[in-house]
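Some notes on the structure that comes next.
The values are calculated or read from the model by the stated rules, or taken from the named source; none is laboratory data. Every value quoted in this text rests on a predicted model; they were computed, and no experiment measured them. FYI the Cβ positions are ideal-geometry reconstructions off the backbone, even for glycines, and counts take in every protein chain you see.
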Amino acid sequence: MERRNNNPGAVQYGNFMNYYQFNSAVERVKLLPSKDIWQPKQNNTRTENEPYLVLDVGCNCGVFTQLLQQFLGEQLQQPVHVLGVDIDERLIERAKAENTCLDKISYFTADVLNEDQFDSPVKTYLEQHHRQKFDAICCYSITMWIHLNHHDNGLQFFLRKLSQMAELFVVEPQPWKCYQTAERRLKKTGEVFPLFLELKWRSDVEQQIQKYLEQELCRQSVYESTPTKWQRRICFFR
């Protein structure tokens, strides 16, 4: 997980060590919808004391994860437990060290597409809460990194795998210009993303992701935020 030529902007998996210095977690929280979007379906038989479960994929060092837990707790007026996962062990170590809510937030290191690393801890977590799915799975600004490293099929598998585990699926896709920036930064170090030129989902990648979620995974768009300063929209699907 080393940065190329010690360049903090040239990363292969989006594991920026200083991510929240240029992408405010507080500002992202301000774009989140109210409780009506987050609440489980009306026919849910859960009791009030059962926690609302969230999986935060690509949680980095946990700054936003903690704010998300606080936000949802205030909105839903019930216990909210969040499991954060990131591919970078150093970021997870920071997240654990800075965790101020140990009873409700936990973290682990894994590549979501690596069955041995990811599936067992998630299964155990759900079993501990006597649940089969998360109330919400959040994927903020990570689809591009899955796409660049695993091609169109890998991104589709990622979306399908997580969608099957979620009641509410939250995705903040990066637009194509972000791909071009990531490739340009890596090129400056003498490397490239090998699959970049082979991708079929390109300039319309955001639309392709939405189309895949709606048409292939039978999800319905229920909310879309105003754009962030990076011109990314946070999209909610049931």
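Give the residue that is nearest to the chain's Cα centre (by Cα), with candidates limited to residues of the range 83-114 that are farther than 21 Å from SER163 by Cβ and assigned to a loop (DSSP other than H, G, I, E, B). So that I can check it myself, show each step before the final result.
As a first pass, look at the range 83-114 and keep what is farther than 21 Å from SER163 by Cβ: 88-107, 109.
If we keep only those that are assigned to a loop (DSSP other than H, G, I, E, B) too, we end up with 88, 98-104.
On the way: ASP88: 14, GLU98: 20, ASN99: 18, THR100: 21, CYS101: 20, LEU102: 21, ASP103: 21, LYS104: 18 Å.
For the range 83-114, the residue satisfying everything is ASP88.
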*Which one of the conditions (1) in a helix (DSSP H, G or I); (2) under 26 Å from LEU32 (Cα atoms) does GLN117 fail to meet, given that it meets all the rest?*
(2)
*asked:* Checking the condition within 18 Å of the chain's Cα centre (by Cα), assigned to a loop (DSSP other than H, G, I, E, B) and farther than 20 Å from ALA136 by Cβ, which residue from TRP201, TRP230 passes?
replied: TRP230
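Report whether or not LEU213 is assigned to a helix (DSSP H, G or I), without any contact (Cβ under 8 Å) to a residue 60 or more places away in the chain and over 28 Å from GLN39 (Cβ atoms).
Details: assigned to a helix (DSSP H, G or I): yes; without any contact (Cβ under 8 Å) to a residue 60 or more places away in the chain: yes; over 28 Å from GLN39 (Cβ atoms): no.
Answer is no for this residue.
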*How about the range 116-164: which of its residues are within 16 Å of GLU214 (Cα to Cα) and in contact with a strand residue (DSSP E or B) (Cβ under 7 Å, 6 or more places away or on another chain)?*
LEU162, SER163
*asked:* Suppose the filter is charged (D, E, K, R), in a strand (DSSP E or B), modelled with pLDDT of 95 or more and more than 19 Å from GLY62 (Cα to Cα); does GLU167 pass it?
replied: yes
*Unique residue being in contact with a Gly (Cβ under 7 Å, 6 or more places away or on another chain) and not hydrophobic (A, V, I, L, M, F, W, C) when the list is ARG185, ARG160, ARG233*: ARG185
*When residues of the range 35-65 are filtered for being free of Cβ contacts under 8 Å to residues at least 60 places away in the same chain and either under 14 Å from the mean Cα position of the chain (by Cα) or under 23 Å from GLN231 (Cβ atoms) (or both), how many remain?*
6
*Options ALA95, ALA182; residue that is of a type in the set (Gly, Ala, Ser), crowded, with 16+ Cβ neighbours inside 10 Å and touching a Cys at 6+ places or on another chain (Cβ under 6 Å)*: ALA95
*What about LEU197, is it at pLDDT 95 or above, closer than 22 Å to LEU113 by Cβ and surrounded by 13 or more Cβ atoms within 10 Å (Cβ to Cβ)?*
no
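Going by what's in this entry, would LEU148 be described as in a helix (DSSP H, G or I), touching a residue at least 12 places away in the same chain (Cβ under 8 Å) and under 18 Å from ARG238 (Cβ atoms)? Break it down stepwise before answering.
On the way: in a helix (DSSP H, G or I): yes; touching a residue at least 12 places away in the same chain (Cβ under 8 Å): yes; under 18 Å from ARG238 (Cβ atoms): no.
When the stated conditions are applied, LEU148 does not pass them.
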*asked:* Need the failing condition index for GLN207 against (1) at pLDDT 95 or above; (2) touching a helix residue (DSSP H, G or I) at 6+ places or on another chain (Cβ under 9 Å); (3) part of a helix (DSSP H, G or I), just the number.
replied: (2)
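Of LEU83, LEU155, LEU102, which residue is among the aliphatic types (A, V, I, L, M), surrounded by 15 or more Cβ atoms within 10 Å (Cβ to Cβ), more than 18 Å from PHE237 (Cβ to Cβ) and at pLDDT 95 or above?
On the way: LEU155 fails: more than 18 Å from PHE237 (Cβ to Cβ); LEU102 fails: surrounded by 15 or more Cβ atoms within 10 Å (Cβ to Cβ).
Every option except LEU83 fails the conditions.
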_Every residue from the range 195-207 that is within 22 Å of GLY58 (Cα to Cα) and without any contact (Cβ under 8 Å) to a residue 12 or more places away in the chain_ = GLN207
